[in-house]
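Okay, so here's the structure we're looking at.
The values are calculated or read from the model by the stated rules, or taken from the named source; none is laboratory data. Here the structure is a predicted model, which is why all the values come from computation and not from measurement. For neighbour counting, all protein chains shown are included, and Cβ atoms are generated from backbone atoms with ideal geometry for every residue, glycine included. In case anyone asks, the SASA skips ligands and DNA or RNA and just uses the protein heavy atoms, side chains included. Shrake-Rupley method; radii C 1.70, N 1.55, O 1.52, S 1.80 Å.
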Amino acid sequence: MKLTELFQKKTFVITGEVGPVKGCSRLNGGPPPDYIQEALNIKDHVHAVNVTDNQGAAMRLGALAASVLTKQFGLEPIFQITCRDRNRLAIQSDLLAACTLGIDNVLCLTGDHIKIGDHKSAKPVFDIDSVQMLKIAAGLNAGQDMMGNQLSQATNLALGAAANPNFEPLDLQIIKMEKKVAAGCEFFQTQPVYEPRKFEMFMKKVERLGVPVMFGMVVIKSPGMATFINENVTGITVPEAWTNQMAGVPKADYKKKATAMTIELLKEIAPMCQGIHFMPFGWSDIIPEVLDAIRPYFPQ
Amino acid sequence: MIGTTKKPLEEIFQAVDGYAKIAVVGCDGCAKVCMTGGLDQVHELAAQLKEQGKEITLEVSPERTCNIMHARNFLTPVKDQIAAADAVIVLGCGGAVQITRQTTEELGLTIPVKVGLDSVGHMDMVIPGVMAMEQCQECGQCILNETGGICPVTKCAKSLLNGPCGGSENGKCEVDPNRDCAWVLIYNRMAALGELERLQRYMAPKDYSKMSKPRVLYIKEGRCA
């Protein structure tokens, strides 16, 4: 099911995230791999799950194969596809493949640079960028490849993109979002923001784009994780106040505290946007409790 | 300017292993500016090779060894010294090495021509004698008119044409926190020029056929193919 159908019905959309492992996932009659199992834990609470594409530029099971596997286990995948590892032929080919294999949603991303991954000597591709990919994908939906050649069958993919409300200068980020929308973007998922006022200001600026925005929520599991993100993950900043709140409780209570803080943040955030994208990093079990608590705050 | 760095001496010694007599050819163009292949570096390498027991037959540094005219003018009068060597080592860019090889072939000499430097890109000197920076990829389809005179193809680690990636933070690149995000530089420049609306234009994918190697420049016809 395409997420765009849910947005059209004014559904407040909830998504999770699955990170394929470094390894093959042939089932051989056994149980689902752990990353699928984590998604299955929240199956009844989310509309779809993102399947990341060599996340962090670390080589892993391909996102398309993992997306198909995710679908086989009854979850709706959002196939993340990056420009880092594919030229324009491969991107179009993979989008055709995705639709052929039953994928309905894609998230078109630039991709983390090779230099932050585990194959630092690889040749980065970046033949096209995320805006161009969206335009190309929209063309495939319209029945043409990027050279104007007719397809025997058009794709039918909902096209998503990423946005970063933390970006400075914010107006430059807005310009890029405008270009993404003009290229064919139908929904956004954002990087996490831990300051509601900052997200509010961002939403005021992007409201005129008329495209649903899903708030990205990375659950901070410990003060150490906050420090790690601030020092190693560009584009996300965990404020000191947030970290201090976590640091004020015993380690055994981190999960309880993180759940409470996430709920408080999302109570403020939910009314401003059209959905929430959870990136729980192993703590997907808190999502049901969080959703129960914030459901009254979903916009009508 | 073509930027060059010196190869490790061990690699050079390995390249000339088995050759007793060496002709050392530098380049008084870019390599001289990079302080890797001017006459001073030619003498320096010659001395190091002598310490390894090599006999040096020639120490010269033509002005721009990558130009066949200069290479011919400089090397033809010293043909005998080249012929006396078992190998030539060139302290120049990859182009200088290949033009030197072409010159030796034109002179009727069949002699190994080795390289003593690594070529590291088209570099612009931004701090004289201290730092040069890669700012142009010679992509054959210049877009500087649209980007405030700052090239995202070269200065953005991902060569993005339609704005920054999500990894940019505090105006710096996700690849190197000491490197400016090209798109923030472009934005600030366009804002200063009062031309931000130009950034809203969609930039189509580049035509990489214009970078298909090896390119040939037909000077009289003014075209590259």
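For the range A:255-300 versus the range A:176-247, the spacing of their alpha-carbon centroids is 14 Å. Taking the Cα centre of the protein assembly as shown as origin and assigning +1 to Lys and Arg Cβ atoms and -1 to Asp and Glu Cβ atoms, the resulting dipole is close to 760 debye. As a ratio to 2.2 N^0.38 Å, the alpha-carbon radius of gyration computed for the range B:43-200 takes the value 1.48. What a 1.4 Å probe finds exposed on chain B is 52% carbon and sulfur by accessible area, rounded to a whole percent. Each Cα pair under 8 Å and six or more residues apart adds its separation to the average, and for the range B:75-202 the resulting relative contact order is 15 percent.
Once C-alpha pairs closer than 8 Å and six or more residues apart are averaged by separation and normalised to the residue number of the range B:2-121, the relative contact order reads 34 percent. In whole percents, the pair-distance distribution calculated for the range B:25-122 from its alpha-carbon pairs, binned every 5 Å from zero, is 3, 15, 27, 28, 18, 8, 1, 0. Using a simple spin-label model with pseudo-atoms 7 Å out from Cα toward Cβ, A:Ala58 and A:Gln72 lie 2.4 nm apart. The residue among A:Ala142, A:Ile103, A:Val125 whose Cα reaches farthest toward the positive pole of the charge dipole of the range A:95-157, with charges on the beta-carbon of Lys, Arg, Asp and Glu, is A:Val125. Under the simplified labelling scheme, the B:Gln52-A:Asn244 pair shows an inter-label distance of 6.2 nm, with each label point 7 Å from Cα along Cα→Cβ. Accessible surface area normalised per residue over the range B:138-219 is 51 Å², counting heavy atoms of protein chains with a 1.4 Å rolling probe. With a ≥ b ≥ c the root eigenvalues of the C-alpha gyration tensor of the range A:1-98, is it rounded (a/c under 1.5), prolate (a/b larger than b/c) or oblate? Because a/c hits 1.5 or more and a/b fails to exceed b/c, the range A:1-98 counts as oblate. Based on the Cβ-Cβ distance of B:Val130 and A:Lys22, what FRET efficiency does E = 1/(1 + (r/R0)^6) give at R0 = 45 Å, to the nearest 0.05? Between B:Val130 and A:Lys22 the formula returns 0.60. Note on B:Cys139 and A:Asp253: with the Förster distance fixed at 60 Å, the Cβ-Cβ geometry gives a FRET efficiency of about 0.60. Kindly tabulate the residues in the range A:169-205 with an accessible-area decrease of at least 50 Å² between the chain alone and the assembly of all protein chains, using a probe of 1.4 Å. The answer is A:Leu172, A:Ile175, A:Lys176, A:Lys179.
Fully extending the segment from B:Asp17 to B:Arg215 would add 67.9 nm, taking 0.36 nm per residue of separation and subtracting the current Cα-Cα distance. For the chain pair A and B, the interface hides roughly 2500 square angstrom of accessible area in total, found with a 1.4 Å probe. Comparing Cα centroids, the range A:65-98 and the range B:79-127 end up 48 angstrom apart.
Counting charges near A:Lys22 (Lys, Arg +1; Asp, Glu -1) among other residues having Cβ under 10 Å from its Cβ returns a value of 0. Only lysine pairs 8 or more places apart or on separate chains count here, and in the range B:138-219 those with Cα atoms under 16 Å apart total 4.
With a Cα cut-off of under 14 Å and a minimum spacing of 8 residues unless on different chains, the lysine pairs in the range A:201-276 number 4.
Roughly how many percent of the accessible protein surface of the range A:62-166 is carbon and sulfur, given a 1.4 Å probe and a whole-percent answer? Reported share for carbon and sulfur atoms: 53 percent. Rounded to the nearest 10 degrees, the inclination of helix A:63-72 to the longest alpha-carbon principal axis of chain A is 80 degrees.
Taken over the protein assembly as shown, the convex hull of the Cα atoms encloses 209 Å³ per residue. On the beta carbon distance between A:Arg208 and B:Ile68, with R0 = 60 Å, the FRET formula returns roughly 0.50. With 50 Å² as the minimum drop in accessible area between chain alone and full protein complex (1.4 Å probe), the qualifying residues in the range B:169-198 are B:Glu169, B:Glu174, B:Val175, B:Tyr187. Note on chain A: Kirkwood radius taken over Cα pairs, Stokes-Einstein applied at 20 °C and 1.002 mPa s, translational D equal to 109 µm² s⁻¹. Just check the range A:72-113 against the gyration tensor rule for me: Cα atoms, a ≥ b ≥ c as the square roots of the eigenvalues, rounded for a/c under 1.5, and otherwise prolate or oblate depending on whether a/b exceeds b/c. The shape class here is oblate. The residues of the range A:3-214 have, on average, 41 Å² of accessible surface per residue, using a 1.4 Å probe with all protein chains present. Return one number: the angle in degrees, 0 to 90 and rounded to the nearest 10, between the long axis of the Cα atoms of helix A:88-100 and the longest principal axis of the Cα atoms of chain A. For helix A:88-100, the angle is close to 80 degrees. Each label point was placed 7 Å from the Cα along the Cα-to-Cβ direction; for B:Glu197 and B:Glu10 their separation is 6.1 nm. In the range A:97-200, if every C-alpha pair distance is counted and binned at 5 Å from zero, what percent goes to each bin? Going out from 0 Å in 5 Å bins, the range A:97-200 shows 2, 11, 17, 19, 18, 15, 10, 5, 1, 0 percent.
Averaging 1/r over each pair of different alpha-carbon atoms in the range B:138-219 and inverting the result gives 13.7 Å, the Kirkwood hydrodynamic radius.
Consider a paramagnetic label point 7 Å from the Cα of A:Asn230 along Cα→Cβ; state which residues of the range A:259-277 have an amide N under 20 Å from it. The answer is A:259, A:261-262, A:265.
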